[in-house]
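Beneath this line is the structure, given in structure tokens, with notes to follow.
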Amino acid sequence: IGYQQQFGLDSTLPTDEEQGGLNDQIVINFSHIVAENTPKGQTAIKFGELLEQKTDGRIRVVIYPNGMLYNDNNELNALENGDVEMIAPSFSKMTNTLPTWSVLDLPYLFNTEEDVERVLTGPFGEQLLNQLGRFNIKGLAFWNNGFKQILTSGKPILASGDFKGLKVRAMPSKVLQQQFTLFQATPVATSFDELYTELEKKELNAQENTISNIYSKGFYKLQKNLTITNHGILGYAVMMNEDFYNSLPTDLQEKVIEAINEATAWNFEHSKQMNDKDLESLQLLSDVHINTLSNEEQQRWQKLFKPIYDDYRKQISETFLEEIEKEIN
Ligand code: LMR
């Protein structure tokens, strides 16, 4: 409801119509946790613009970036309860609710951005999104951020042994956490909005994240060793409260889907460029040290990560793993 209704001020304040606004305008509040200048931040803006254009302003999308409305710990509840209409958490953060989704977190599963796009925008991605129906959630799309890298405050990571004894921030996904326990480190599932302060308090030695998140949130100011590992991907499930979606007239539902599809295509076209551009900016900083994991070490990591695949196969789903491997190879 608008401010006027909320505060019972109808008689004293001009109505939306008197102000030249649209009386029956529908507002979609879209909450997310990253900076605007990131693949998710920019794609959310793109989606809002497209939808407003397509509906001639009948729908307005109001975006709340940087966790200003909800954070990792409360956004999913807010969506299910209809307190917010849209969120786009990483799929890793959905794996406690939907364990099969952790197939996307398997390290070194994806080799190229093209593979990521084909899987996430094809029938496999659709199958995953359909699982959200049980939770009063309409799964609209997957968006990409890019490949994750390793950032450390102490010495750089050049081999798996360098992780020994470190506290590593990883998102709350069993697969992601297992990567670091296998390397004898301790994973810590710090909420994204608290990460910078935890780094300031020197509570964490390392983290995995994409270049765009590392750059836009200034994590590189506190952790100055970056190793390009490309060991996993970060992507997002773009989700809408299902009751809200169902309450829209059919023509507006169609516009939402059209706008999402166009925004998704835009996302896959631009996410890599955004990460590449931020990498160039980091390369210009003399106090940020950038290494690339050697091919031999990468092959060692792949072997060492094998138990994570075995556990997924045994404990979660052999079929999902087979299906996704078929899509990729
Ligand atoms: C993280 O928690 O590191 C990421 O999920 C943040 C994001 O949404 O990109």
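Only the coordinates and a few stated rules stand behind these numbers; no lab work does. A quick note: this is a predicted structure, and the numbers were derived from the prediction, not measured. Every residue, glycine as well, gets a Cβ built from its backbone with ideal geometry; the counts of neighbours run over all protein chains shown.
If you take all C-alpha pairs in the chain, what percent of them are over 39 Å apart? Don't skip to the end; give the middle numbers.
Working: 8720 of 53956 pairs.
The proportion of pairs with Cα distances above 39 Å equals 16 percent.
Here the Gaussian network model covers the chain, with springs between Cα atoms less than 10 Å apart; of 288, 168, 256, 288 fluctuates the most. Counting only C-alpha contacts under 8 Å and six or more residues apart, can you give the relative contact order of the stretch 90-177 as a whole percent? Worked out over the stretch 90-177, it gives 38 percent.
How high is the relative contact order of the stretch 208-329, in percent, with contacts defined as C-alpha pairs under 8 Å that are six or more residues apart? Intermediate values should be presented prior to the final figure.
On the way: 47 pairs, mean separation 50.6, N = 122.
Reported relative contact order: 41 percent.
Among rounded, prolate and oblate, which fits the stretch 126-255 when a ≥ b ≥ c are the square roots of the eigenvalues of its C-alpha gyration tensor, a/c under 1.5 means rounded, and a/b larger than b/c means prolate?
On the way: a/c = 2.66, a/b = 2.30, b/c = 1.16.
It is prolate, given that a/c is not under 1.5 and a/b is the larger ratio.
What residues from the stretch 197-231 fall in the zone where the backbone N is under 16 Å from a label point 7 Å along the Cα-to-C-beta line of residue 276? The answer is 211-212.
Sort 191-200, 218-227, 205-214, 103-112 by packing, meaning the average of other beta carbons within 10 Å per residue, with the highest value first. Could the numbers behind the result be given before it?
Working: 191-200: 16.6, 218-227: 18.9, 205-214: 24.9, 103-112: 21.0.
Result, highest mean first: 205-214, 103-112, 218-227, 191-200.
Computed on the chain, with alpha-carbon pairs under 8 angstrom and 6+ residues apart, the relative contact order is 24 percent.
Comparing 320, 302, 25 along the charge dipole axis of the chain, the residue lying farthest to the positive side is 302, per the Cβ-charge model. Remark: the stretch 318-323, residue by residue, has Karplus-estimated 3J(HN,Hα) of 5, 4, 4, 5, 4, 4 Hz, where x stands for each Gly or Pro and the curve is 6.51 cos²θ - 1.76 cosθ + 1.60 at θ = phi - 60°. The peptide list 53-60, 258-265, put in order of mean Cβ contacts within 10 Å with the highest first, becomes 258-265, 53-60. Computed over the chain with a Gaussian network model linking Cα atoms closer than 10 Å, the most mobile of 257, 308, 150 is 257.
The phi-based Karplus calculation (6.51 cos²θ - 1.76 cosθ + 1.60; θ = phi - 60°) puts the 3J(HN,Hα) values of the stretch 167-184 at 9, 10, 6, 9, 5, x, 9, 4, 4, 5, 5, 4, 3, 8, 5, 4, 9, 6 Hz, whole numbers, x for Gly and Pro.
Placing +1 on the Cβ of every Lys and Arg and -1 on the Cβ of every Asp and Glu, with nothing else charged, gives the chain a dipole about its Cα centre of roughly 1540 debye. Summing Cβ point charges (Lys, Arg +1; Asp, Glu -1) relative to the Cα centre of the stretch 121-227 gives a dipole of roughly 140 debye. Applied to the stretch 58-73, the Karplus parametrisation 6.51 cos²θ - 1.76 cosθ + 1.60 on θ = phi - 60° returns per-residue 3J(HN,Hα) values of 5, 10, 10, 9, 9, 9, 10, x, 6, x, 5, 9, 9, 10, 3, 7 Hz, with x for Gly and Pro.
Simple rule: put +1 on each Lys or Arg Cβ and -1 on each Asp or Glu Cβ in the chain, find the dipole, and look at 62, 219, 144; the Cα lying farthest toward the positive end is 219. Projected over all directions and averaged, the alpha-carbon convex hull of the stretch 240-329 occupies 10.8 nm².
Applying Stokes-Einstein at 25 °C and 0.890 mPa s to the Kirkwood radius of the stretch 27-130, computed over alpha-carbon pairs, gives a translational diffusion coefficient of 162 µm² s⁻¹. A convex hull fitted around the alpha carbon atoms of the stretch 204-254 yields 139 Å³ per residue. Compared with the dominant Cα axis of the chain, that is its longest principal axis, helix 295-304 is turned about 80°. Its Cα centre serving as origin, the stretch 244-311 has a Cβ charge dipole (Lys and Arg +1, Asp and Glu -1) of approximately 220 debye.
Past the 22 Å Cα-Cα mark, which pairs from 138/277; 148/221; 164/202; 174/217; 138/255; 93/277? Intermediate values should be presented prior to the final figure.
On the way: 138/277 33 Å; 148/221 18 Å; 164/202 17 Å; 174/217 25 Å; 138/255 15 Å; 93/277 26 Å.
In this structure, 138/277; 174/217; 93/277 exceed 22 Å between Cα atoms.
Strictly greater than 21 Å: what percent of every Cα pair in the stretch 66-188 meets that? More than 21 Å apart: 48 percent of the Cα pairs in the stretch 66-188. Farthest towards the positive end of the charge dipole of the stretch 218-286, among the residues 273, 250, 286, is the Cα of 286, using unit charges on the Cβ of Lys, Arg, Asp and Glu. Cross-link partners of residue 326 among lysines, defined as those whose alpha carbon lies under 21 angstrom from its own and excluding same-chain residues fewer than eight positions apart: 303, 306, 314.
Calculated on the Cα set of the stretch 172-232, radius of gyration then Dmax: 11.5, 30 Å.
Rounded to 0.05, the FRET efficiency of the residue 310 and residue 27 pair, given R0 = 56 Å and the Cβ-Cβ distance, is 0.75.
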